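Student: One structure, as structure tokens, below. Some questions next.
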Amino acid sequence: MINWLPLRTLRLPDETDTEFRQRAEQAGQYARILVDACLSNECVQEYAEDSELPLFKIEDLQIHPIVRIEYEQAIAIGGIGETLRATKSKHWGDGPYILPLQQEDWLFSERITYIYRANSLYNRRFEQRKRMKELLGKKHRPLVETAKRSTKKIFLKFLTDEQAKAIKRIIDIEPGIFWRMAKGRAFHPLPPREVQLELPFEDDID
């Protein structure tokens, strides 16, 4: 005799047989779309040919395809279950949406791939910290990570006069604002990167 487990049923409360059948057929169709898109991805095909990457066996991908989990501010690429679990606590705006891989999507072979949209808060924070480090140079760039990992009170307490002057001279901000920027709690205009322009030269000089 089969012991049914009602807590694991796929049916929704008060769902009719017809409604359940239609939903199951739609789920099956979408599953095929996800699998086909995964196997059509150029990066997946390359990994599948590598015998040292057992996670990319075709028979396994047909059951557990690699997909795009999209949010308003970011995209995560990986297996459905693991990627949903990994992004559960992320604050990336609207989402998640489970979508097929695109043919040109690049992904890591052994971990989830994250792509941050240009307008995302995470990306703005990352780019600001990166530019702060570039401006401060080798000697003072560690201050960015120190501020990021410290409370404001501790950061200011152990900041030397030389370091405070360097922050003011190079970035033209006070240490308290520097700490907020490193934390990602404030954004401040920074000097743009210098770009070397190409000068037009005539092939023949008269």
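The values are calculated or read from the model by the stated rules, or taken from the named source; none is laboratory data. All values derive from a computational prediction rather than experimental measurement. Ideal geometry is used to build each Cβ from the backbone, glycine not excepted, and the neighbour counts take in all protein chains shown.
Student: Just for region 1-46: of the residues that are modelled with pLDDT under 95 and among the hydroxyl-bearing types (Ser, Thr, Tyr), which one is surrounded by the fewest Cβ atoms within 10 Å (Cβ to Cβ)?
Tutor: Checking each candidate, the answer is Thr18.
Student: Quick check on Ala86: is it surrounded by 14 or more Cβ atoms within 10 Å (Cβ to Cβ) and over 17 Å from Asp105 (Cα atoms)?
Tutor: yes
Student: List the helices (runs of 4 or more DSSP H) inside region 55-164, counting only whole elements, that have at least 1 residues being under 20 Å from Gly184 (Cβ atoms).
Tutor: It comes to 121-140, 142-149, 152-158.
Student: Here is a follow-up. Counting only residues that are of a type in the set (A, V, I, L, M) and either closer than 21 Å to Glu194 by Cβ or touching a Lys or Arg at 6+ places or on another chain (Cβ under 7 Å) (or both), how many does region 148-170 have?
Tutor: Final tally of qualifying residues: 3.
Student: Something else: Return the only residue of Pro142, Pro100 being modelled with pLDDT of 95 or more and loosely packed, with under 13 Cβ neighbours inside 10 Å.
Tutor: Being modelled with pLDDT of 95 or more and loosely packed, with under 13 Cβ neighbours inside 10 Å holds for just one of Pro142, Pro100, which is Pro142.
Student: Here's another thing I want to ask about it. State which residue is surrounded by the most Cβ atoms within 10 Å (Cβ to Cβ) when the search covers only region 63-79 and only residues that are of a type in the set (A, V, I, L, M) and at pLDDT below 95.
Tutor: Only one residue fits best here, namely Ala74.
Student: Further question on the same structure: Take Asp60 and tell me if it is loosely packed, with under 15 Cβ neighbours inside 10 Å, acidic (Asp, Glu) and either out of contact with any Leu (no Cβ under 7 Å at 6 or more places or on another chain) or in contact (Cβ under 8 Å) with a residue 60 or more places away in the chain (or both).
Tutor: yes
Student: Among (1) free of Cβ contacts under 8 Å to residues at least 24 places away in the same chain; (2) within 30 Å of Arg117 (Cα to Cα), there is one condition Arg23 misses while meeting the rest; what is its number?
Tutor: Only one criterion is unmet by Arg23, namely (2).
Student: Here are some residues: Ser89, Ser109. Which one is at pLDDT below 95, in contact with a helix residue (DSSP H, G or I) (Cβ under 6 Å, 6 or more places away or on another chain) and assigned by TED's automatic domain parsing to the domain that holds Ala37?
Tutor: Ser109
Student: State all residues of region 147-206 that are hydroxyl-bearing (Ser, Thr, Tyr) and either surrounded by 13 or more Cβ atoms within 10 Å (Cβ to Cβ) or modelled with pLDDT under 95 (or both); if no residue qualifies, say none.
Tutor: So in region 147-206, the residues hydroxyl-bearing (Ser, Thr, Tyr) come out as 150-151, 160.
Passing the criteria: only Ser150.
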